Amino acid sequence: MRYSAEISRAKEFIRENYADSVISLHRVAGEVGFSTNHFSTVFSQETGQTFVEYLTAVRIEAAKQLLTCGNSRMSDIAFDVGYQDSHYFSYLFKKARRRFAARVPQPVGRRVK
């Protein structure tokens with residue numbers, strides 16, 4: 001991987017700042033010294049995910065942790081992981097849950113909603 005150090009720094013920056021609702025491709029690219037277009041291309045090639053896909057995955061994982069650790073409302077969790085729109089967060093969370101459920105073998109006769 002030609003840019004592994006920069007991509008590792010970018011991923012670390014995302015993991016440390018995912019809760020900031022204004023984190024952006026431009027900001028992360030600047031953190032590693034790349035132009036936005038170059039960073040977008042390199043990030044996708046090196047990780048197999050777009051910047052937005054990676055950021056969303058980090059946020060969803062953080063939300064899962066928050067859900068298991070307390071009694072917070074989904075709207076509060078949405079804000080805590082960087083989303084200003086709780087409805088959009090709910091849509092993304094359900095979409096991620098369906099994608100995960102599709103990969104996990106289900107016992108016969110049980111259906112995941």
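The values are calculated or read from the model by the stated rules, or taken from the named source; none is laboratory data. A quick note: this is a predicted structure, and the numbers were derived from the prediction, not measured. Note that each Cβ is placed from the backbone with ideal geometry, even for glycine, and that neighbours are counted across all protein chains shown.
Is the stretch 79-101 home to any residue that is modelled with pLDDT of 95 or more and of a type in the set (A, V, I, L, M)?
Looking for residues that are modelled with pLDDT of 95 or more and of a type in the set (A, V, I, L, M), one finds at least one in the stretch 79-101, hence yes.
One residue is enough: does the stretch 74-95 have a residue meeting the conditions in a helix (DSSP H, G or I), loosely packed, with under 13 Cβ neighbours inside 10 Å and among the basic types (K, R)?
Yes - at least one qualifying residue is present in the stretch 74-95.
Does A29 satisfy the condition of being without any contact (Cβ under 8 Å) to a residue 24 or more places away in the chain, surrounded by 16 or more Cβ atoms within 10 Å (Cβ to Cβ) and either within 16 Å of the chain's Cα centre (by Cα) or in a helix (DSSP H, G or I) (or both)?
Taking the combined requirement at face value, the residue satisfies it.
Given the criteria over 17 Å from Y3 (Cα atoms) and part of a helix (DSSP H, G or I), does A63 qualify?
yes
Between a residue in the stretch 1-25 that is closer than 19 Å to Y83 by Cα and part of a helix (DSSP H, G or I) and any residue that is charged (D, E, K, R) and modelled with pLDDT of 95 or more, which pairs come within a Cβ distance under 6 Å, given they are 6 or more apart or on different chains?
F13/E31
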